[in-house]
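Notes follow the structure.
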Amino acid sequence: MAKRKKNIKKSANKKRSITRKPKEKVFVVNMKKLLGIEEAIKYLLDLSGDKGIEVFKYLITHGQTEENALAKKMKFNRANAIRKYLYKLYNKNLVSYIKVRRGAKAWYTYYWKANPERLVFLLKGIYSDEIKQAEKSIELNKTADFYVCETCNRRYSLNEALENDFKCANCGGVLQHLENSEFIEDKQKRIKFLQKKIENLEKLVKEK
Ligand SMILES: [Zn+2]
């Protein structure tokens, strides 16, 4: 794969001038494991659909690929048709390109490549957001004091319960104190689970 990349660059340098060549860190990602993660596939599907995933996978497997060649390989009849998917991935930086000018003509050739390390980064963001939310709801439930009527399933704050003499306003039944410990335990378990997922994700990426 590295050899192929080099060849493209070499021939590009010979005939054309490269107008955009960002300096980037090189990462090695365990793709088999990454694409085995349910959330990874779901993220890609939501972003760019089945075709988008195919394009992304192709670029991962084959390395930097010229746009027209890519369209042909992916069985798109026109290069334009594949751009829709490339741009969706590009918006999240999951793919990037270099633009190469052909001779003196104002005509560019695009070479695309996948940035799978970005998918790891995005997934970590999703897990982290959920952890933050879970922590927030633990805090809320720790401090809140609720009472419940087990007949009507109505919830009362401590003040409401006091006002009603700890009786349900609807049926007059005696209110029970709501136990949050189970809820909090569940959330804490979920947080640990997500933290483990983040750890595992980090193991999938190595900087070259
Ligand atoms: Zn009631």
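The values are calculated or read from the model by the stated rules, or taken from the named source; none is laboratory data. Given the structure is predicted, the values throughout are model-derived calculations rather than measurements. Don't worry about glycine lacking a Cβ; one is built from the backbone with ideal geometry, like all the others, and counts go over all protein chains shown.
Worth pointing out:
- Taken over segment 142-153, residues that are within 11 Å of the ligand (Cβ to nearest atom) and among the polar types (S, T, N, Q) amount to 2.
- Residue list for segment 154-181, restricted to those being over 17 Å from ASN141 (Cα atoms) and within 11 Å of the ligand (Cβ to nearest atom): ASN164, LYS167, CYS168, ALA169, ASN170, CYS171, GLY172, GLY173, VAL174, LEU175
- Pairing residues of segment 49-71 that are free of Cβ contacts under 8 Å to residues at least 24 places away in the same chain with residues that are of a type in the set (Lys, Arg), at Cβ distances under 9 Å and at least 6 apart in sequence or on separate chains, gives TYR58/LYS73; ALA71/ARG78; ALA71/ARG83.
- When restricted to residues that are more than 20 Å from the chain's Cα centre (by Cα) and free of Cβ contacts under 8 Å to residues at least 24 places away in the same chain, segment 81-96 contains 2.
- Subset of segment 149-198 [of a type outside the set (A, V, I, L, M) and closer than 15 Å to GLU130 by Cβ]: ASP186, LYS187, GLN188, LYS189, ARG190, LYS192, PHE193, GLN195, LYS196, LYS197
- Criterion (more than 30 Å from LYS208 (Cα to Cα) and at pLDDT 95 or above) met by exactly one of CYS171, CYS152: CYS171
- Residue list for segment 116-149, filter: within 20 Å of the chain's Cα centre (by Cα) and free of Cβ contacts under 8 Å to residues at least 24 places away in the same chain: PHE121, GLY125, ASP129, LYS132, GLN133
- Count of residues meeting criterion [assigned to a helix (DSSP H, G or I), within 21 Å of TYR108 (Cα to Cα) and among the polar types (S, T, N, Q)] in segment 47-82: 2
- Scanning segment 95-117 for residues that are in the same structural domain as LYS25 (by TED's automatic domain parsing), of a type in the set (A, V, I, L, M), over 21 Å from GLY52 (Cα atoms) and in contact with a strand residue (DSSP E or B) (Cβ under 7 Å, 6 or more places away or on another chain) turns up at least one hit.
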